[in-house]
Structure formats: structure tokens, C-alpha cells
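The values are calculated or read from the model by the stated rules, or taken from the named source; none is laboratory data. These figures come from a predicted structure and were not determined experimentally. We place every Cβ from the backbone using ideal geometry, glycine too, and count neighbours over all the protein chains shown. The area values use the complete protein model at the heavy-atom level, side chains included, leaving out ligands, DNA and RNA. Shrake-Rupley method; radii C 1.70, N 1.55, O 1.52, S 1.80 Å.
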Amino acid sequence: GKKATNQEAPLKLPAGWSPHDPLPTEKSNCVRCHLTAGRELTVPVRDFARSAHDRAMLSCNDCHGGNTEDDTKAHEHEFDFIGTKLSAHIAACADCHTDEAKAFRKGPHFWDLSKRINRDYPVCIDCHGNHDVGKPPAEFSLMNVCTDCHKNFEEILPEAAAVVAENDRLWKALRAVHAKNKAAADPTPPEFRRELAAIRRATGRFIHPAGEISAEQAESLNARTLNLRERLETWLKDHE
């Protein structure tokens with residue numbers, strides 16, 4: 001029979017890995033090595049599985065670079081390996097998410113990382129996570145990210161705070177749905193995907209440039225967000 005290639009060979013799972021936990025879709029050499037490397041090297045593999053980028057069929061090398069053909073040269077700079085260099089990663093985010101990057105550059109949160117690192121300013125991964133984009137951990141709260149800098153957030157920016165709070169409530173429900181549906185290739189049930197994507201785009205149009213949001217805009221978006229959350233909560237009750 002046909003000999004399995006490196007990418008087709010069965011994966012060796014590390015001790016303690018639940019067979020019910022999903023694995024990344026693309027079984028790249030990065031995934032294969034890091035899966036059993038242990039410590040902080042294995043955690044990203046678990047986080048990445050079923051993330052937005054995993055569902056888009058990306059793998060580690062799409063953001064980190066590196067050689068996916070020769071393991072001995074996986075981390076060589078000649079193959080554009082950037083490791084964890086922050087400025088290079090944010091540039092990679094902007095290369096794919098061009099509209100979001102343009103909007104973000106216009107707002108008060110932007111700092112040009114090509115000059116120097118300045119962590120007084122937020123970057124993409126502060127709000128979206130890195131390996132777990134679209135799959136935030138249970139303890140994540142966008143409100144906490146905002147109030148790290150804006151101590152009186154709800155007082156000084158009430159409309160933005162209302163949008164952020166409703167967004168956090170939506171994601172709490174969505175995480176519960178994903179936990180029930182984690183065996184699926186896409187853990188968001190099909191009937192919710194279009195509206196979820198539309199709400200995320202609409203929210204991003206307000207949040208990325210960090211401009212003013214009117215009370216009417218906030219109320220309109222929050223009504224849509226609440227409606228979707230209630231539908232997700234109904235789905236959860238139907239699948240108890």
C-alpha cells in the first residue's frame with residue numbers, strides 16, 4: 001500500500017491529552033513536534049485547535065514562518081521564521097486583516113511598532129488572543145481589557161462600554177455552545193454563523209478605530225447582539 005507521508009502519519013498524543021479534545025486540522029510538522037514537546041510548547045497546539053485560524057486551514061507557519069519540509073531547519077531565519085517577535089506578528093496580522101488594520105491605524109490605540117515596542121498601547125493579540133483567536137478562554141473578558149487603561153470606562157465612554165458588555169455576554173453564551181459542540185469541525189452551529197460574522201464586523205467597525213459611538217448606534221448593535229445571544233441560549237436548552 002501507499003506509504004503515509006509525514007503529514008498523514010498518525011499523531012502521537014502527549015500523556016494526559018483527552019481523546020475527546022480536537023486537534024488542529026492541518027497536521028504540519030510544527031503541530032507534530034509541538035504536540036509532544038511539553039510545557040509551554042504544547043499549550044498553543046491545544047489552544048489553536050478549532051480556533052478561527054485553524055478553521056481557515058492555517059497552521060503555525062502561516063504566522064511564525066519557518067521550514068515546513070525539513071524539521072532540522074524549521075526555525076531558520078532563511079525560511080522567514082519570526083518566532084515570537086511582536087512587531088513581526090502584528091505586521092502579519094495586518095497583512096491578512098487589511099481593513100481592520102487601516103481602521104486601527106486611524107485611532108488613538110495605534111502605535112507604530114516598527115519604531116520601538118511600546119506596551120502602553122494595545123495590539124491585536126491583547127483583544128483577540130493569539131493562538132485561540134475566535135476561541136477565547138472562559139475567563140476572558142473584553143471589558144477587563146478596556147478597563148485596564150480606562151478605569152472609569154462606563155462613565156467616560158458609556159456607549160462603547162455598553163457595546164463591550166453586550167459583546168462579552170454574547171461570547172459567554174457562544175463559549176458554552178462551543179463546549180457542547182466541540183467535536184464539530186466548526187463548533188458554531190450553521191444557523192448562527194452568518195449573523196455572528198455580521199455582528200463581529202459591525203462591532204469591529206466601532207472598536208478598531210476607537211471613535212465615538214452614538215447612543216443610537218450602540219442601541220441598534222446591542223439589540224442584534226442580544227437577539228443572537230438569546231437564540232444561542234435557546235439552542236443550549238434544546239441540547240441539554
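See the values below:
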{"item": "Helical contribution to [θ] at 222 nm, DSSP H n ≥ 4, -39,500 (n - 2.57), averaged over the chain, rounded to 500", "result": "-16000 deg cm²/dmol"}
{"item": "Tilt relative to the chain, helix 158-180 - C-alpha long axis, 0 to 90 degrees, to 10", "result": "40"}
{"item": "Linear extension gain, Ala197 paired with Ala184, 0.36 nm per residue minus alpha-carbon span", "result": "2.9 nm"}
{"item": "Global geometry of the stretch 55-184, whether rounded, prolate or oblate, following the gyration tensor of its Cα atoms and the 1.5 cut on a/c", "result": "oblate"}
{"item": "Crossing angle, helix 39-48 versus the chain [Cα axis fit, 0-90 degrees, rounded to tens]", "result": "60"}
{"item": "Relative contact order (%) - criterion: Cα under 8 Å, at least six apart; region: the stretch 1-92", "result": "22"}
{"item": "Kirkwood Rh and Cα Rg combined as Rg over Rh, evaluated for the stretch 101-155", "result": "0.98"}
{"item": "Solvent exposure of the chain as accessible area per residue, Å², 1.4 Å probe", "result": "61"}
{"item": "Residue-wise HN-Hα coupling along the stretch 10-19, computed from phi with Karplus coefficients 6.51, -1.76, 1.60 (Hz; x: Gly, Pro)", "result": "x, 7, 8, 8, x, 4, x, 7, 5, x"}
{"item": "Over the stretch 30-84, equivalent-ellipsoid semi-axes from the Cα gyration tensor in Å", "result": "18, 14, 9"}
{"item": "Nitroxide proxy distance, nm - points 7 Å out along Cα→Cβ at Tyr121 and Lys85", "result": "1.9"}
{"item": "Of all accessible heavy-atom area on the stretch 108-164, the percent that carbon and sulfur account for (1.4 Å)", "result": "55"}
{"item": "Per-pair calculated FRET efficiency, R0 = 30 Å: Leu13 and His239 via Cβ, rounded to 0.05", "result": "0.60"}
{"item": "Over 21 Å (Cα to Cα) - which of Lys102/Lys135; Lys85/Lys172; Lys182/Lys237; Lys85/Lys115 fall in this group", "result": "Lys102/Lys135; Lys85/Lys172"}
{"item": "Contact order normalised by residue count of the stretch 97-240, Cα under 8 Å, 6+ apart, percent", "result": "32"}
{"item": "FRET efficiency, 1/(1 + (r/R0)^6) with R0 45 Å, evaluated for Asp62 and Arg224 via beta carbons", "result": "0.90"}
{"item": "Integer Hz, Karplus 6.51/-1.76/1.60 couplings in order for the stretch 192-209, x for Gly and Pro", "result": "10, 5, 5, 5, 4, 4, 5, 5, 5, 5, 5, 5, x, 5, 8, 6, 4, x"}
{"item": "Separation of alpha-carbon centers, the stretch 123-137 and the stretch 185-240, rounded to whole Å", "result": "17"}
{"item": "Cα point-scatterer Debye curve for the stretch 135-240, base-10 log of I(q)/I(0) at q = 0.12, 0.15 Å⁻¹", "result": "-0.42, -0.65"}
{"item": "Glu212-Glu139 FRET efficiency (beta carbon distance; Förster radius 41 Å; 0.05 resolution)", "result": "0.85"}
{"item": "Extension gain, Cys149 back to Lys172 (0.36 nm per residue minus Cα-Cα distance, nm)", "result": "6.0 nm"}
{"item": "Loop-located trypsin sites (Lys or Arg not before Pro) in the stretch 1-98 whose Cβ has at most 12 other Cβ within 10 Å (DSSP)", "result": "Lys2, Lys3, Lys12"}
{"item": "In Hz, Karplus ³J(HN,Hα) per residue of the stretch 80-94 (6.51, -1.76, 1.60; θ = phi - 60°; x = Gly, Pro)", "result": "6, 6, 10, x, 10, 4, 4, 4, 5, 5, 5, 5, 5, 4, 5"}
